[in-house]
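Bear in mind that the values in this text are calculations on the coordinates, not laboratory data. Note that the structure is a prediction, hence the values are computed from the model and not measured. No Cβ is skipped: glycine too gets one built from the backbone with ideal geometry, and neighbour counts run over all protein chains shown.
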Amino acid sequence: MNRLAVLLLLCIAVSSPLTAQQNQPPFIFTAYGGLFFPAQQNFQEAFGTGSDIIWGVGGSTPIGGPFYITADIGYFRAGSFPSAVDTSIVLEERFIHAGLLVKEHLAQTFFLRFSGGISYGTATQKTSSSHTPEVALDADKKFGYYGGAGVEQMLDLHWSVYADVMYDYKRSRSADLPGDFGGTRLAAGVNLIVF
């Protein structure tokens with residue numbers, strides 16, 4: 001995972017001189033939140049809901065034209081604490097994305113967004129009760145992919161807001177916690193454009 005972070009920082013550093021020559025914003029900080037609908041089998045039965053909150057932060061830098069190199073990290077946590085049963089279950093997932101964002105003008109300050117790339121995900125499921133110690137099961141830590149589309153509205157030279165629909169795919173073959181740990185996210189975010 002540390003190698004991925006170094007690679008992302010290197011890509012951003014290499015592309016920054018190109019953006020300065022083209023009078024484009026050198027860096028964009030992003031924060032987002034929304035709903036995540038896990039594709040994990042039996043998620044709704046175990047947690048009593050089909051979705052829960054996801055949030056994250058990231059950044060991007062332009063590389064020319066409508067293209068941006070982008071990276072972000074997102075966090076998801078769902079818990080079930082039924083009062084009738086003395087057992088709790090918690091699912092925690094983390095997503096690291098690195099990819100390409102394409103923004104096409106629909107109007108002067110309104111864009112259509114397309115994004116895709118690779119993702120690295122971790123997933124841990126914890127169960128516990130008042131009579132037994134906590135048991136943590138981990139899914140495979142490996143690469144998957146993501147893709148999505150959305151819209152973005154510029155507010156002024158330094159701020160914009162956006163909304164995306166994105167799908168993450170990661171398949172775990174771990175004996176402890178197998179299955180699909182991707183899913184669909186509906187998220188809205190804000191961009192701070194730093195010149």
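Any residue that is over 13 Å from the mean Cα position of the chain (by Cα) and closer than 23 Å to Ala175 by Cβ - is there at least one of those in the stretch 101-124?
First, the residues of the stretch 101-124 that are over 13 Å from the mean Cα position of the chain (by Cα): 101-114, 123-124.
Remaining after also requiring closer than 23 Å to Ala175 by Cβ: 123-124.
Yes; the residues of the stretch 101-124 include at least one that is over 13 Å from the mean Cα position of the chain (by Cα) and closer than 23 Å to Ala175 by Cβ.
Taken together, the criteria exclude Leu137 from residues that are touching a strand residue (DSSP E or B) at 6+ places or on another chain (Cβ under 9 Å) and over 19 Å from Gln40 (Cβ atoms). It is to be established whether one or more residues within the stretch 165-174 are assigned to a strand (DSSP E or B) and over 24 Å from Phe43 (Cβ atoms). No, that holds for no residue.
Just name the residue that is surrounded by the fewest Cβ atoms within 10 Å (Cβ to Cβ) out of those in the stretch 25-61 that are within 30 Å of Phe195 (Cα to Cα) and of a type in the set (Val, Ile, Thr). Walk me through it before giving the result.
Narrowing the stretch 25-61 to residues within 30 Å of Phe195 (Cα to Cα): 25-34, 54-61.
Still in the running and of a type in the set (Val, Ile, Thr): 28, 30, 54, 57, 61.
Working: Ile28: 19, Thr30: 19, Ile54: 25, Val57: 13, Thr61: 23.
Among those that are within 30 Å of Phe195 (Cα to Cα) and of a type in the set (Val, Ile, Thr), it is Val57.
Is it the case that Ile89 is in contact with a helix residue (DSSP H, G or I) (Cβ under 7 Å, 6 or more places away or on another chain), hydrophobic (A, V, I, L, M, F, W, C), surrounded by fewer than 19 Cβ atoms within 10 Å (Cβ to Cβ) and within 29 Å of Gly48 (Cβ to Cβ)? Talk me through it step by step, then tell me what you get.
Details: in contact with a helix residue (DSSP H, G or I) (Cβ under 7 Å, 6 or more places away or on another chain): yes; hydrophobic (A, V, I, L, M, F, W, C): yes; surrounded by fewer than 19 Cβ atoms within 10 Å (Cβ to Cβ): yes; within 29 Å of Gly48 (Cβ to Cβ): yes.
Yes, satisfied.
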